[in-house]
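A.B. asks: Here it is, the structure in full.
The values are calculated or read from the model by the stated rules, or taken from the named source; none is laboratory data. These numbers were taken from a predicted model, which means no experiment stands behind them. Cβ placement follows ideal geometry from the backbone for every residue including glycine, while neighbour counts extend to all protein chains displayed. Keep in mind that these areas ignore ligands, DNA and RNA; they rest on the heavy atoms of the full protein, side chains included. Shrake-Rupley method; radii C 1.70, N 1.55, O 1.52, S 1.80 Å.
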Amino acid sequence: MEILKSLRKRWALTTALLILTLIATAVAFVKIPWTYRSTADVVLVPSQNIAKTYGGNPFLAFSSTINETADIIRYETTDMRTAQVLAAAGYTQAYTIADAIDTSAPILLIAVTGSNAGAVEHTLTGVLNKISSLLASQQTNFSSVNQIHDLVLASNPQASRLSSRKARPLLVVFATGLLFTIAILVLLDAAAERRLTLRDRQSGGFGACDGIAS
């Protein structure tokens with residue numbers, strides 16, 4: 001309630017500070033870039049020879065060994081050297097690769113984020129191609145019928161905006177402006193209160209001296 005009284009009492013200053021807060025928030029909105037995201041889900045598929053024992057259906061032939069292969073590919077693709085190679089080739093945006101935790105299948109979840117929508121989409125393509133090439137390079141000594149293959153299960157290549165990435169810093173700027181406004185008013189009120197107290201003490205002291213003199 002005291003804060004509300006201060007806001008009302010110093011309404012002109014309050015209005016000016018709130019306008020500055022809104023201006024700072026608007027400037028931050030313009031200056032802070034949007035963050036974009038593209039995703040894809042990749043599954044590793046057992047070889048044709050392994051699938052033969054399941055009637056030719058590779059989706060019945062999953063085992064723990066293919067999950068281990070998925071982990072190897074994930075580690076290789078997210079390795080710093082691989083990231084540098086991709087960046088040098090023009091795939092410059094940040095990316096992550098994680099195992100799907102809601103299934104035991106060897107599924108890799110790829111997410112690319114960045115401030116440029118086109119670059120994000122381009123990097124997703126590069127990461128998917130890199131997964132394929134790394135998987136192939138690990139099996140160069142095996143015939144194609146004995147090789148594991150990758151398959152894109154789902155893909156959202158068109159980069160979408162992550163509004164929360166921009167909203168959070170804007171809220172911080174706005175909240176900081178409000179706190180600054182309140183702090184200034186509280187300090188001004190405290191200073192005014194101190195001046196009033198000092199004046200009252202001085203007035204009381206002078207009155208006492210006058211009484212003694214009389």
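A.B. asks: For region 79-97, name all the residues that are in a loop (DSSP other than H, G, I, E, B) and within 16 Å of Leu128 (Cβ to Cβ).
C.D. replies: Of everything in region 79-97, those that are in a loop (DSSP other than H, G, I, E, B) and within 16 Å of Leu128 (Cβ to Cβ) turn out to be Ala89, Gly90, Tyr91, Thr92, Gln93.
A.B. asks: Look through Ala119, Ala100 and report the one residue that is closer than 18 Å to Thr39 by Cα and either loosely packed, with under 13 Cβ neighbours inside 10 Å or modelled with pLDDT of 95 or more (or both). Step through it out loud before you land on a result.
C.D. replies: Numbers: Ala100 fails: either loosely packed, with under 13 Cβ neighbours inside 10 Å or modelled with pLDDT of 95 or more (or both).
Result: Ala119 is the single residue among Ala119, Ala100 that is closer than 18 Å to Thr39 by Cα and either loosely packed, with under 13 Cβ neighbours inside 10 Å or modelled with pLDDT of 95 or more (or both).
A.B. asks: Considering only residues that are open to solvent by less than 90 Å² (accessible area, probe 1.4 Å), part of a strand (DSSP E or B) and either within 16 Å of Thr25 (Cβ to Cβ) or not hydroxyl-bearing (Ser, Thr, Tyr) (or both), which ones fall in region 157-171?
C.D. replies: Filtering region 157-171 down to residues open to solvent by less than 90 Å² (accessible area, probe 1.4 Å) leaves 157, 159-160, 162-164, 166-167, 169-170.
Applying the additional criterion that residues be part of a strand (DSSP E or B) yields 157, 159-160.
Selection gives Pro157, Ala159.
A.B. asks: Can you work out which of the residues in region 64-90 that are hydroxyl-bearing (Ser, Thr, Tyr) and open to solvent by 50 Å² or more (accessible area, probe 1.4 Å) is nearest to the chain's Cα centre (by Cα)? Before you say what the answer is, go through the steps one by one.
C.D. replies: So in region 64-90, the residues hydroxyl-bearing (Ser, Thr, Tyr) come out as 64-65, 69, 75, 77-78, 82.
Of the ones still in play, those that are also open to solvent by 50 Å² or more (accessible area, probe 1.4 Å) are 64-65, 75, 78.
Details: Ser64: 33, Thr65: 33, Tyr75: 22, Thr78: 18 Å.
Checked region 64-90; the qualifying residue nearest to the chain's Cα centre (by Cα) is Thr78.
A.B. asks: Of all residues being among the hydroxyl-bearing types (Ser, Thr, Tyr) and surrounded by fewer than 18 Cβ atoms within 10 Å (Cβ to Cβ) in region 103-116, which is nearest to Ala89 (Cα to Cα)? Just the residue, please.
C.D. replies: Going through the qualifying residues, I end up with Ser115.
A.B. asks: Output yes when any residue across region 142-153 is under 28 Å from Trp34 (Cβ atoms) and of a type outside the set (Val, Ile, Thr), and no when none is.
C.D. replies: yes
A.B. asks: Looking at region 19-48 only, could you name the residues that are surrounded by fewer than 15 Cβ atoms within 10 Å (Cβ to Cβ) and part of a helix (DSSP H, G or I)?
C.D. replies: Ile19, Leu20, Leu22, Ile23, Ala26, Val27, Phe29, Val30, Lys31
A.B. asks: Turning to a different aspect of this structure: Suppose we keep only residues that are surrounded by 18 or more Cβ atoms within 10 Å (Cβ to Cβ) and among the hydrophobic types (A, V, I, L, M, F, W, C) within region 135-152. Which one would you say is nearest to Arg165 (Cα to Cα)?
C.D. replies: It comes out as Leu135.
A.B. asks: Please identify the pairs in which a residue from region 99-118 that is more than 16 Å from Thr78 (Cβ to Cβ) has its Cβ atom under 7 Å from the Cβ atom of a residue that is among the hydroxyl-bearing types (Ser, Thr, Tyr) and part of a loop (DSSP other than H, G, I, E, B), counting only partners at least 6 apart or on another chain.
C.D. replies: Ser115/Thr35
A.B. asks: I would also like to ask the following. From the list Thr176, Thr113, exactly one residue is β-branched (Val, Ile, Thr), within 25 Å of the chain's Cα centre (by Cα), on the phi < 0 side of the Ramachandran plot and not in a helix (DSSP H, G or I). Which is it? Working first, answer last.
C.D. replies: Details: Thr176 fails: not in a helix (DSSP H, G or I).
From the options Thr176, Thr113, the qualifying one is Thr113.
A.B. asks: Answer yes if at least one residue in region 64-72 is among the acidic types (Asp, Glu), part of a helix (DSSP H, G or I) and closer than 30 Å to Phe142 by Cα, and no otherwise.
C.D. replies: Step one: filter region 64-72 for residues among the acidic types (Asp, Glu), giving 68, 71.
Next cut, part of a helix (DSSP H, G or I) only: 68, 71.
Adding the requirement that they be closer than 30 Å to Phe142 by Cα leaves 68, 71.
Checked region 64-72: at least one residue is among the acidic types (Asp, Glu), part of a helix (DSSP H, G or I) and closer than 30 Å to Phe142 by Cα.
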